[in-house]
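Below: the structure, in structure tokens.
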Amino acid sequence: MHRTDIANPAYFHKVVDCQWACPAHTPVPEYIRLIAQGRYSDAYMINWTSNVFPGVLGRTCDRPCEPACRRGRVEENNGEHPEPVAICRLKRVAADMKEDVAARMPKVAPKNGKRIACVGAGPASLTVARDLAPLGYDVTVFDGEPRAGGFIRTQIPRFRLPEAVIDEETGYILNMGVHFRNNQRIESMKALMAQGYDAIFVGCGAPRGRDLQIPGRTEAALHVHIGIDWLASVSFGHVKTIGRRVIVLGGGNTAMDCCRSARRLGGSDVKVIVRSGFEEMKASPWEKEDAMHEGIPIINYHVPKAFVHEGGKLKGMTFEIVKAVYDEKGRRSLVPTGQPDAFFECDDVLVAVGQENSFPWIERDCGIAFDEWGLPVLNKDTLQSTVPTVFFGGDAAFGPRNIITAVAHGHEAAVSIDRLLHGEDVAVRPAPMVNLVSQKMGIHEWSYDNDTSTDNRFKVPWAKAEQALASIKIEVELGFDVATAVKEAARCLNCDVQTVFTESACIECDACVDICPMDSLTFTVNGEEADLRRRLKAPALNQSQPLYVSGGLKTGRVMVKDEDVCLHCGLCAERCPTGAWDMQKFLLNMTKAGPGCRDQRQPAREAA
């Protein structure tokens with residue numbers, strides 16, 4: 001193998017698993033350390049720069065960072081199910097405990113004469129506004145609802161996300177001089193184009209819920225509701241009750257929000273019924289756990305057959321019972337078991353079987369091309385449509401995803417718009433801002449706490465069940481207190497503090513190998529990667545994690561480090577008698593719209 005190029009930002013970025021997995025590439029270990037130090041406002045602003053909605057996401061994020069967390073791979077004391085750091089809920093700690101940060105928001109530059117229109121006031125559009133408004137762009141956000149937030153406000157129940165949090169975090173953006181045209185639904189793309197905007201960003205979400213056309217649907221229509229529409233009606237106070245017996249169809253997060261909302265609006269017998277297996281449900285594992293914690297059963301492998309009604313009154317539903325069968329290529333199909341159809345009584349049904357994009361307002365002769373699924377044809381990196389000045393993001397771009405993906409799209413689209421309006425190639429993407437700084441404070445002292453906590457993951461406290469289920473507006477999760485937050489933050493392994501090796505200083509004494517608690521280090525002869533992975537002190541079986549390979553040493557061997565289960569504890573550097581090992585903090589910030597993303601004025605990247 002060749003000597004690892006640690007000056008390449010992608011190498012250590014991938015080693016910081018949580019940041020690598022986050023669509024917005026939030027510097028997770030950096031803000032967790034600040035929380036442990038009680039610097040909540042600083043932690044909040046690091047979050048805000050990347051993910052824009054720390055208070056919202058600290059309660060509702062899909063948490064792609066947590067399955068990637070190294071903690072889940074290295075723990076031995078948690079038995080069968082080791083758990084990652086509670087990254088998402090620590091984000092909420094920063095949001096809840098910060099001081100007033102209004103003065104720390106970006107100062108708005110004088111207007112530059114360029115006008116941007118954002119369709120929809122959801123997370124993608126607001127991220128575009130957050131990135132472009134401070135640069136002097138005149139940004140107008142259109143939305144058909146009275147208040148900003150989009151899906152965040154209309155689809156996520158208040159018992160998960162209080163309205164005050166939404167108001168605060170959308171307010172930071174709207175207060176940057178953004179023109180918010182509420183109650184103004186765009187009805188024609190051609191008409192919007194005719195208004196002379198220099199660029200248009202479409203972030204209107206996937207506003208149409210899929211229906212379920214099976215026998216009895218028309219006759220029972222009064223008691224069958226599309227999930228996302230029903231949640232919006234609940235959010236706006238138009239729906240305040242539901243029948244006692246409720247069936248929720250679907251296995252995604254919307255279905256989980258529907259069943260838990262129904263439980264609070266009078267449904268004492270609420271059940272979720274899905275056609276797939278429990279493990280195949282699209283809902284996040286914790287969303288399923290929360291629903292079951294509230295006494296809501298999830299019944300799987302049941303395919304809806306009919307709504308049963310009498311004289312227009314819904315009586316229940318029948319389901320075919322199926323099982324999963326896999327062919328020789330591992331492809332799954334659902335086949336009937338031959339058991340009699342199942343019947344469940346109900347008073348109301350909530351259909352949450354998926355969402356679709358809906359663009360009736362975009363004329364098909366305006367120049368924007370759509371694919372066979374009704375999605376806009378886009379460059380996946382730039383988010384530019386077939387009309388060069390029109391960009392898409394969030395659910396409107398590639399179909400339903402999640403909030404943090406919408407935010408990432410907003411950042412990328414803002415870079416594209418900024419480069420386009422400065423006459424530069426949109427397809428060229430700016431390099432991230434990177435540095436790599438030693439944490440050495442003395443011979444064996446570091447500027448970070450390198451003690452590895454052995455604590456299990458701490459549980460977030462909940463409101464008492466009788467209170468939580470009594471109102472749709474009482475927040476269920478109470479968040480960590482200060483003491484628990486500090487202990488949970490201590491579980492972070494500081495994966496951004498890297499072990500950096502200088503082969504010219506190494507005397508090959510093997511002291512680092514002896515002291516490494518995870519057997520991550522090996523001195524051996526070089527070879528092809530597949531061969532080398534098998535010859536290490538502990539075989540490096542996780543192919544998704546890289547090997548750190550040094551240049552040739554005095555004996556002709558190389559040092560090989562398996563990044564997979566390294567604790568970043570610094571013991572190798574403390575033990576090394578020659579200083580060949582150092583602990584260096586890797587900080588990567590994605591380049592946002594502005595001078596740094598442009599060719600002519602892009603500052604030099606700090607090299608490792």
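Between R39 and I214, what is the FRET efficiency for a Förster distance of 56 Å, r being their Cβ-Cβ separation, to the nearest 0.05?
Between R39 and I214 the formula returns 0.50.
Roll a 1.4 angstrom probe over the protein heavy atoms and tell me the percent of accessible area of region 1-160 that is carbon or sulfur.
On the way: 2750 of 5240 Å².
Ligands and nucleic acids excluded, carbon and sulfur reach 52 percent.
Here the chain is treated with +1 on each Lys and Arg Cβ and -1 on each Asp and Glu Cβ, and its dipole about the Cα centre works out to around 800 debye. Does anything in region 259-278 have its amide N under 20 Å from the 7 Å Cα→Cβ label point of S333, and if so which residues? Label zone hits: 275-277. For region 377-483, just say rounded, prolate or oblate: build the C-alpha gyration tensor, square-root its eigenvalues into a ≥ b ≥ c, call rounded for a/c under 1.5, and beyond that prolate if a/b exceeds b/c, oblate if not. Since a/c reaches 1.5 but b/c is at least a/b, the shape of region 377-483 is classed as oblate. With θ taken as phi - 60° and the Karplus curve 6.51 cos²θ - 1.76 cosθ + 1.60 applied, the whole-hertz 3J(HN,Hα) list for region 230-242 is 5, 4, 5, 5, 5, 4, 8, x, 6, 10, 10, 9, 8 Hz, x standing for glycine and proline. Accessible area per residue for the chain, computed on protein heavy atoms with a 1.4 Å probe, is 42 Å². Extension gain, A103 to E508: 0.36 nm times the residue separation minus the Cα-Cα distance gives 140.5 nm. A dipole drawn for the chain from +1 and -1 charges on Cβ atoms has a positive end, and of L375, A414, M193 the residue lying farthest that way is M193. In a fully extended conformation the segment linking A369 and L222 would gain 49.2 nm over its present Cα-Cα distance, using 0.36 nm per residue. Per-residue Karplus couplings for region 571-582, computed as 6.51 cos²θ - 1.76 cosθ + 1.60 with θ equal to phi - 60°, are listed in order as 5, 4, 6, 5, 7, 5, x, 10, x, 5, 9, 9 Hz, Gly and Pro entered as x. In degrees between 0 and 90, to the nearest 10, how far off the longest principal axis of the chain does helix 253-264 point, with axes built from Cα atoms? Helix 253-264 and the main axis of the chain meet at about 60 degrees.
Annotation: amide H of V390 within the under-5 Å range of I200, S385, sequence separation 5 or more or interchain, hydrogens built in the peptide plane. Partners of K464 within straight-line reach, counting aspartates and glutamates whose Cα lies under 13 Å from its Cα and excluding those fewer than 8 residues away in the same chain: E294, E475, E477. For region 30-177, the convex hull spanned by the alpha carbon atoms encloses 128 Å³ per residue. Computed from backbone phi, the HN-Hα couplings of region 210-219 come to 6, 9, 10, 8, 10, x, x, 4, 5, 5 Hz, rounded to whole numbers (Karplus: 6.51 cos²θ - 1.76 cosθ + 1.60, θ = phi - 60°; Gly and Pro given as x).
So what is the 222 nm mean residue ellipticity for the chain from helices alone, if each DSSP H run of at least 4 adds -39500 (n - 2.57) and you divide by all residues, rounding to the nearest 500 deg cm²/dmol? Counting only the DSSP helices, I get -7500 deg cm²/dmol.
Using amide H atoms built in the peptide plane, which far-off residues or other-chain residues are under 5 Å from K323 H to H? Sorted by chain and number, the residues that satisfy this are V335, T337. Candidate cross-link partners of K585 among the lysines, defined by an alpha-carbon separation under 24 Å and a same-chain spacing of 8 or more, comprise K14, K91, K440, K487, K561.
Values of log10 I(q)/I(0) for region 497-608 across q = 0.12, 0.14, 0.18, 0.22 Å⁻¹ run -0.51, -0.64, -0.89, -1.19, by the Debye formula with one identical scatterer at each alpha carbon and no solvent.
When both bridge partners sit in the chain, DSSP labels roughly 60% of those beta bridges antiparallel.
Once C-alpha pairs closer than 8 Å and six or more residues apart are averaged by separation and normalised to the residue number of the chain, the relative contact order reads 17 percent. Helix 163-174 axis versus longest C-alpha principal axis of the chain: approximately 70°, rounded to the nearest ten. With all protein chains in place and a 1.4 Å probe, the accessible surface of region 455-608 carries 53 percent carbon and sulfur.
The values are calculated or read from the model by the stated rules, or taken from the named source; none is laboratory data. Because the structure is a prediction, the values reported are computed rather than measured. For neighbour counting, all protein chains shown are included, and Cβ atoms are generated from backbone atoms with ideal geometry for every residue, glycine included. Just so you know, the surface numbers come from the protein's heavy atoms only, side chains and all, with ligands and any DNA or RNA stripped out. Shrake-Rupley method; radii C 1.70, N 1.55, O 1.52, S 1.80 Å.
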